[in-house]
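These notes are about the structure you will find just below.
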Protein chains: 2
Amino acid sequence: MKDLVSRCPIEEVMRVLSGRWPTLLIYYLKEGTKRFSELQRDNPTVSHRMLSLELRKLEQAGIVERTVFDGYPLRVEYDLTRAGLDLVPLIDALGDWWTETDDTRALVPDEKA
Amino acid sequence: MKDLVSRCPIEEVMRVLSGRWPTLLIYYLKEGTKRFSELQRDNPTVSHRMLSLELRKLEQAGIVERTVFDGYPLRVEYDLTRAGLDLVPLIDALGDWWTETDDTRALVPDEKA
DNA sequence: CGGTATCCTCGGAGATACTG
DNA sequence: CAGTATCTCCGAGGATACCG
């Protein structure tokens, strides 16, 4: 997923949403403002480093907003932006589609058998 | 993206759609039936192997249907299934969202400067 | 607490070659 | 033509440690 092979906007969104974390983070952020450590607790298996990188990616994409509160210990809050909120129903629609088409996949012969 | 970390359907769809090729292949397949070699021509940078693997993944997910015609040389055709066709507008919506929120990203300071 | 840098590993994906 | 197998390599991502 390094370079784009088309000028298609779809390919560009997928550059941001691809992977395990982006949609999950959006999913948890729609519950409201979250701190770094809260998101870490929401996703126990995400590494410190990846959480940081993914949040930055979402920030660059205009999906997430980052607010730093000076003081000690540090305090940083993450929110969905307006664009991020607009994205939520689209992602949900994908989830619904997946659930609704579950029977289609059930027809696939089990290769593990 | 190996194992799921939640039972969330969104995470499951993203397992299928993540990466450079799935959405691109769906994009080209919505033009109609395509043969393996046609898809290869549509995406000149996809490797033989990856195209094969990705098509199988989409097939397992119930998005793409594979039809083999006996004879020589071999001939295999790929189509979107009903579920695949239903998925198209959802993916398009993501593309539209991306285009519409382009100005948000334009506000991000250029780190390459 | 949140972020970054460094190191290291493991598997995703390209190239190639072979079969039906 | 379409698909699979083998080999290889590069980089995504984990673990760890240190800074503001």
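In whole angstrom, how long is each semi-axis of the equivalent ellipsoid of the protein assembly as shown, when you take the square root of 5 times every eigenvalue of its Cα gyration tensor and sort them from largest down? Kindly include the intermediate steps, with their values, before the conclusion.
Values: eigenvalues 247, 76, 46 Å².
They are 35, 19, 15 Å, listed from largest to smallest.
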List the aspartates and glutamates whose alpha-carbon lies under 13 Å from that of A:K34, not counting same-chain residues fewer than 8 positions away? A:D42, A:E65, A:E77, A:D79
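Given a Förster distance of 41 Å, report the FRET efficiency between A:L74 and B:D102 from their Cβ-Cβ distance, rounded to the nearest 0.05. All intermediate terms of the calculation are to be shown ahead of the outcome.
Numbers: r = 32 Å, r/R0 = 0.78.
Efficiency, rounded to the nearest 0.05: 0.80.
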Put A:L17, B:L90, A:L53 in order of accessible area, largest first, probe 1.4 Å, and you get A:L53, B:L90, A:L17
Would you kindly find the accessible area of B:I10, with a 1.4 Å probe and non-protein molecules such as ligands, DNA and RNA excluded, rounding to the nearest 10 Å²? 20
Can you give me the orientation-averaged projected area of the convex hull built on the Cα atoms of segment B:10-106, in nm²? 7.3
Of A:P89, A:P73, A:P44, the most mobile residue in a GNM of chain A (C-alpha springs, cutoff 10 Å) is A:P73
Once amide H atoms are built 1.01 Å from N in the peptide plane, which residues 5 or more positions from A:R35, or in another chain, come under 5 Å H to H? A:Y78
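In Å², what does the accessible area per residue of segment B:10-106 work out to with a 1.4 Å probe?
Numbers: 4780 Å² over 97 residues.
It amounts to 49 Å² per residue over segment B:10-106.
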Which far-off residues, 5 or more places away or on another chain, put their amide H under 5 Å from the one on A:R75, with H placed in the peptide plane? A:F69
Calc'd 3J(HN,Hα), segment A:63-75, phi into Karplus 6.51 cos²θ - 1.76 cosθ + 1.60 (θ = phi - 60°), Hz, glycine/Pro = x, comes to 9, 10, 10, 10, 10, 9, 9, 5, x, 9, x, 4, 8
Tell me, in nm to one decimal, what length is gained between B:L53 and B:R82 on full extension, where the rule is 0.36 nm per residue of separation less the Cα-Cα distance? 8.3 nm
Would you mind pulling out the separation of the Cα centroids of segment A:1-74 and segment B:19-48, in Å? 29
Among the residues of chain A, which one places its Cβ closest to the rotation axis that maps chain A onto chain B, and what is that distance in whole Å? A:S18, 2
Mean Kyte-Doolittle of at least 0.5 plus a Cα span of 24 Å or more along the axis: flag which DSSP H helices in chain A meet both, please. none
Ignoring ligands and nucleic acids, what accessible area does B:R75 show with a 1.4 Å probe (Å², nearest 10)? 90
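With Cβ to Cβ distances under 9 Å as the rule, what net charge do the other residues near A:R66 carry (K, R +1; D, E -1)?
Values: positive: A:R56; negative: A:E59, A:E65, A:E77, A:D79.
Surrounding charge for A:R66 is -3.
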B:M14 accessible area, nearest 10 Å², 1.4 Å probe? 10
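The values are calculated or read from the model by the stated rules, or taken from the named source; none is laboratory data. Predicted model, so just to flag it, every value in this text is computed and none were measured. When we count neighbours, we look across all protein chains shown, and the Cβ atoms used for this are built from the backbone with ideal geometry, even at glycine. Areas reflect the complete protein model, heavy atoms only, side chains present, ligands, DNA and RNA absent. Shrake-Rupley method; radii C 1.70, N 1.55, O 1.52, S 1.80 Å.
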